Structures are given as structure tokens and as C-alpha cells.
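Take a look at the structure set out below.
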Amino acid sequence: MSLGTRPTPRSSGRHLPGVALAAVAVLALSACGGGTEKAEPKPGAPKSTDATTASSAFPVTVEHKYGSTTIDEEPKRIVTLGLSDQDAVLALGVKPVGAVDWFKEAPYGKWPWTKDKWGSDKPEIVGERDEYNIEKIAALKPDLVVAQYSGMKKEQYDTLSKFTKVVAQPKGVPDYGASWQVMTRQIGKSLGKADETEKLIEGIDARFEAVRGKHPEWAQKTLAVADSFEAGKYSAFTKTDPKSIFFQELGFQLKPEIDTLAKPGWNVAELSAEKLNVLDVDRLVWVTSSTDANTRIKAEPLYKKLKVNQEKRDLFVPYQDPDIGAAFSFNTVLSIPYAIDEIEPLLTAVK
């Protein structure tokens, strides 16, 4: 499974035995009052620039996949369990105390779009993807946990809800299937910063609109995003994946056939070399982890037969160094401007 590919559906995440869960819940409840009492200021905790305005937003009730959560007071200690949720929290002026790892290199403070936001701070890593370490989360004494770009299970939600407020992934859409706008609004509402959130979203929408205005010809072109981490195996991302959403918002058309080839609930269609013809589009963006992968893809005999390759309308973009692929994989209010700045000239260079 590749970076940015939806994890294979599984029955459950990593859970603690029942006795341990109870102990964790009792410990956390006694420490933070089940997320309802106002937490004492902690060293390094973010200070609201307008405490009166922030306080007046509460209580707020946020609906999500597993019901609704009422947040009574402005949260100060936030743990993000969605793969990219920390970006929206950071954009709203709050540094999460805990987060999950996605790229397995704990790059907090490294990403160019978040470096200034984190400064010298970094969150405690409390899991990887949808595998959460409940003990670590409880030890951080959070007054809010958000899990938007996630596959949080009901059992995990119930366990966490015993000692803190939890806003699970948006309802009515598949896990990992909500738009960045929806997830950002969920987070903004949870933080009592709905108005500020709308301004952030409007700013990003304006960036996309400006690019579409500069390149109206893109609206007439099809585009696909793909990757390959193993010889003979390829992945094309569906319309629900952040990478595809990013390019669609730039103005490109996606190819519906990719969605029909994907397994139910997956954000990728897995392709053999014999199926590579589905990638014969006007623009093909390969997002890869190494130059070796690029060389291997280009050497595939069936790939060489595609017009998109023969006419040099394919792009090979790295996930990291520079962090272009990571930026549109995150596809957040912080990463989108960086992604646009990096990818627009590359797309413009393709005739």
C-alpha cells in the first residue's frame, strides 16, 4: 500500500484490553473531568488573540459519523487523529499536542507549509494512520480529539469519549472521502472559529479560481493521478482522493473509468500493466517516492505504447524533496497554496 493510499479496510484498530481501557478512562477522567471542565493553562499552550470572541462561540455541537459532540468551552489541548487534520488546526492558530504519523518519518516542523506554524514545537506521536495509542492520548490530557481525514472505528470513538470530547469523521461520506472544505469547517466549528474558518476557505477557493482563470484550456483536458511502488503494479486515484480533488479544482476533468475499477470503499484502482491504457489521458501525474520508481515505470513496455507517454504529457512528481506530492496528498488549507505554486509551472510546461 502506497503513501497516500487509503488503508485496506480492517475490522478494528489497535485496542487495549478491557481492564487497561477502564484504567485509562478513570485516570483521564480524574485528570480532565471527562473533557467538560476548563483546563488550567499549560506551559506553551496557545493563547487566544480574542478570548471574549472565542468564549462566546461556545457551547457548539458538531455532528459526525457517530452522532454529535457538544463542546462546552474553548479547547486548549487538542489531539488530531486524522492524517492531515493538524494543518487546519495550525491554520486556526492552535498547535496540537498530539497527532498521528502518516509518512512514517515524523516530519512535523519539516513540511514547508507548516514549518513556521510549528516553530520549535512538535506534537507527541500517538499512532500511525488509524492505529491509535490510547494510553499516550490519555496521558496528554486532551480536552478535544478530532479525527476528520481518518477511518476511526466506533469502538475507538467510544473509548476516547470516556475521557475527552471527540469529533469523528464527517457523516454521510465514506471514510477519507470528505472534501477539505467540509473537514476544515468541522474543525473550525469545534474550535469555535467558524468565521475565521470561512475566511481561510474563501482564500483557498480564490487561489483555485485564479489558476482556472489563467488556464481555461485545462477545463477541456482529462487528468489522472497515479503511483507505483512495486514492479507490475500501479494505482490510479479515484475522484474521492485528495490528490484527484486538488487537480479537479485546478480545472481538469477526471476519468470516471478509474472509479469503476476501484474496489468499494477504496480511493485507488489497482491496475496491472495490461490495464495501463486507462491512464492514457491528456495529463498524467505520477506521484512517486524515488527516481528508481520513475525509471521502472518509464521502462514498462505497455506504458511506452501510451500516447500520453509518447507525446510527453506525463509528469513525474516526488512525494518529498521537494514536497510537492505530499502537499497535494494533504490537500489542506495550509498545503494547497504551496502545492499550487509548485505544480502550476510543471503543468504549464507540458504542451
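The values are calculated or read from the model by the stated rules, or taken from the named source; none is laboratory data. These figures come from a predicted structure and were not determined experimentally. For neighbour counting, all protein chains shown are included, and Cβ atoms are generated from backbone atoms with ideal geometry for every residue, glycine included.
Computed quantities for the displayed model
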| item | result |
| --- | --- |
| Enumeration of residues in the range 65-98 that are acidic (Asp, Glu) and either surrounded by 23 or more Cβ atoms within 10 Å (Cβ to Cβ) or not in a loop (DSSP other than H, G, I, E, B) (or both) | Asp85, Asp87 |
| Residue in the range 282-298 that is surrounded by 16 or more Cβ atoms within 10 Å (Cβ to Cβ), touching a strand residue (DSSP E or B) at 6+ places or on another chain (Cβ under 6 Å) and assigned to a loop (DSSP other than H, G, I, E, B) present | yes |
| Residue satisfying all of: in the range 179-215; more than 17 Å from the chain's Cα centre (by Cα) and among the aliphatic types (A, V, I, L, M); nearest to Gln248 (Cα to Cα) among these | Val211 |
| Top-ranked residue of the range 307-321 - restricted to ones that are touching a residue at least 24 places away in the same chain (Cβ under 8 Å) and part of a loop (DSSP other than H, G, I, E, B), ranked as surrounded by the fewest Cβ atoms within 10 Å (Cβ to Cβ) | Lys312 |
| Residue within the range 30-47 that is of a type in the set (A, V, I, L, M, F, W, C), in contact with a Phe, Trp or Tyr (Cβ under 6 Å, 6 or more places away or on another chain), at pLDDT below 50 and over 30 Å from Pro337 (Cα atoms) present | no |
| Given (1) touching a residue at least 12 places away in the same chain (Cβ under 8 Å); (2) over 15 Å from Ala231 (Cβ atoms), index of the condition Pro264 fails | (1) |
| Subset tally (residues that are in contact with a helix residue (DSSP H, G or I) (Cβ under 6 Å, 6 or more places away or on another chain) and surrounded by fewer than 24 Cβ atoms within 10 Å (Cβ to Cβ)) for the range 166-184 | 2 |
| Matching residues, the range 287-306, being touching a residue at least 60 places away in the same chain (Cβ under 8 Å) and either more than 13 Å from Ala273 (Cβ to Cβ) or among the hydroxyl-bearing types (Ser, Thr, Tyr) (or both) | Val287, Thr288, Ser289, Ala293 |
| Number of the condition not met by Leu160 [criteria: (1) surrounded by 16 or more Cβ atoms within 10 Å (Cβ to Cβ); (2) assigned to a strand (DSSP E or B)] | (2) |
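For (1) modelled with pLDDT of 95 or more; (2) in contact with a Pro (Cβ under 9 Å, 6 or more places away or on another chain), each residue gets a yes or a no:
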site: Ile201; (1), (2): yes, no
site: Arg212; (1), (2): yes, no
site: Leu223; (1), (2): yes, no
site: Glu230; (1), (2): no, no
site: Gly251; (1), (2): yes, yes
site: Leu261; (1), (2): yes, no
site: Ala269; (1), (2): yes, no
